[in-house]
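**Q** A single structure is presented below for examination.
The values are calculated or read from the model by the stated rules, or taken from the named source; none is laboratory data. All of these numbers come straight from a predicted model, not from anything done at the bench. Methodologically, a virtual Cβ is constructed for each residue, glycine included, from the backbone with ideal geometry; neighbour enumeration extends over all protein chains shown.
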């Protein structure tokens with residue numbers, strides 16, 4: 001890429017990043033007001049769902065993105081622990097689309113003190129984890145389990161524990177916390193797999209493009225009758241299922257790439273047609289009938 005091309009790519013990334021941040025702040029402000037309303041009407045467990053949908057619709061319109069979901073009805077089979085691959089800051093957009101009613105998230109304690117976003121998360125019932133205090137974190141998670149079973153809701157977690165920032169469809173190793181919780185509560189696990197989004201958004205590659213993300217929801221995995229001794233095998237089983245699905249989904253779709261490829265193919269075909277015509281003309285002129293064609297294919301709970 002030329003110097004100017006690289007400059008404009010970075011300029012586009014920064015500009016769209018500022019716009020995206022403002023959309024997030026607007027949504028967080030809506031979330032604070034929404035949380036107060038639902039708290040007054042005793043429907044606090046709908047605050048995060050309402051805010052998620054608000055954010056998804058605004059972000060989709062402004063940033064030119066959309067999300068397609070395979071089997072969205074499976075997200076309604078609650079109570080359950082919902083888990084997904086963790087890629088980048090764009091994951092919050094994914095949550096905006098799939099987040100079911102009566103579902104909450106866990107977050108590190110530091111986010112609680114952020115203006116707007118932290119206020120919304122606190123008001124809407126987010127469970128903040130102090131990762132430096134294992135006993136406190138376990139108590140928080142147990143409280144989350146009690147609440148979701150009582151409300152027949154869901155708890156959304158990222159078993160990788162951190163963002164992968166991978167530019168290829170892959171998973172980091174899973175931590176077992178989500179699986180311990182599911183077995184402890186005897187509720188199913190619902191795997192949610194997201195296509196790789198690095199071609200849409202990547203801080204390393206300075207990508208911020210318009211396009212579509214594809215999501216696949218797998219059938220709920222029961223944990224009834226399982227014990228803590230079954231957690232390692234359960235973790236390995238679910239990891240294998242999700243890793244295969246990640247590879248099958250592949251990359252997200254960037255608007256314009258297909259058109260560009262089709263245009264290139266057309267140019268190449270036209271060029272090949274002219275070349276064939278030249279060969280035929282030369283062969284006729286020289287009386288040669290022989291031609292040669294060459295084609296090229298191208299960690300809080302027990303580990």
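**Q** Is it the case that residue 36 is at pLDDT 95 or above and either over 26 Å from residue 196 (Cα atoms) or more than 16 Å from the chain's Cα centre (by Cα) (or both)?
**A** The answer is no for residue 36.
**Q** On the given criteria, is residue 219 surrounded by fewer than 19 Cβ atoms within 10 Å (Cβ to Cβ) and over 16 Å from residue 80 (Cα atoms)?
**A** No, not satisfied.
**Q** Continuing with the same structure: Suppose we filter 37, 56 for residues that are closer than 27 Å to residue 113 by Cα and surrounded by 19 or more Cβ atoms within 10 Å (Cβ to Cβ); which single one remains?
**A** Sole residue among the options that is closer than 27 Å to residue 113 by Cα and surrounded by 19 or more Cβ atoms within 10 Å (Cβ to Cβ): 56.
**Q** Here's another thing I want to ask about it. Here are 187, 193: which of them is crowded, with 19+ Cβ neighbours inside 10 Å, at negative phi and modelled with pLDDT of 95 or more?
**A** Among 187, 193, only 193 is crowded, with 19+ Cβ neighbours inside 10 Å, at negative phi and modelled with pLDDT of 95 or more.
Residue-by-condition table, conditions (1) out of contact with any helix residue (DSSP H, G or I) (no Cβ under 9 Å at 6 or more places or on another chain); (2) part of a helix (DSSP H, G or I); (3) under 26 Å from residue 181 (Cβ atoms):
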position	(1), (2), (3)
193	no, no, yes
199	no, no, no
213	no, no, no
219	no, no, yes
223	no, no, yes
229	yes, yes, yes
234	no, yes, yes
241	yes, yes, yes
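Residues are listed down the side, and each one gets a yes or a no for (1) over 20 Å from residue 120 (Cα atoms); (2) in a helix (DSSP H, G or I):
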position	(1), (2)
8	yes, yes
24	no, yes
31	no, yes
42	no, no
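**Q** Could you check how many residues of region 110-129 are in contact with a helix residue (DSSP H, G or I) (Cβ under 7 Å, 6 or more places away or on another chain) and either under 30 Å from residue 73 (Cα atoms) or modelled with pLDDT of 80 or more (or both)?
**A** So the answer is 13.
**Q** What do you reckon, is residue 178 within 21 Å of residue 76 (Cβ to Cβ), assigned by TED's automatic domain parsing to the domain that holds residue 89 and surrounded by 15 or more Cβ atoms within 10 Å (Cβ to Cβ)?
**A** It is true that residue 178 is within 21 Å of residue 76 (Cβ to Cβ), assigned by TED's automatic domain parsing to the domain that holds residue 89 and surrounded by 15 or more Cβ atoms within 10 Å (Cβ to Cβ).
**Q** Inside region 113-135, can you point out the residues that are assigned to a helix (DSSP H, G or I) and exposed (fewer than 15 other Cβ atoms within 10 Å of the Cβ)?
**A** Passing the criteria: 113, 134, 135.
For (1) out of contact with any strand residue (DSSP E or B) (no Cβ under 9 Å at 6 or more places or on another chain); (2) over 21 Å from residue 151 (Cβ atoms); (3) at pLDDT 95 or above; (4) not assigned by TED's automatic domain parsing to the domain that holds residue 169, each residue gets a yes or a no:
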{"site": "67", "(1), (2), (3), (4)": "no, yes, yes, no"}
{"site": "75", "(1), (2), (3), (4)": "no, no, no, no"}
{"site": "79", "(1), (2), (3), (4)": "no, no, no, no"}
{"site": "85", "(1), (2), (3), (4)": "no, yes, yes, no"}
{"site": "92", "(1), (2), (3), (4)": "yes, yes, no, no"}
{"site": "95", "(1), (2), (3), (4)": "no, no, no, no"}
{"site": "99", "(1), (2), (3), (4)": "no, no, no, no"}
{"site": "102", "(1), (2), (3), (4)": "no, no, no, no"}
{"site": "108", "(1), (2), (3), (4)": "no, yes, no, no"}
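**Q** Would you mind finding the one in 15, 41 that is farther than 19 Å from residue 205 by Cα and assigned by TED's automatic domain parsing to the domain that holds residue 111?
**A** Testing whether each residue is farther than 19 Å from residue 205 by Cα and assigned by TED's automatic domain parsing to the domain that holds residue 111 leaves just 41.
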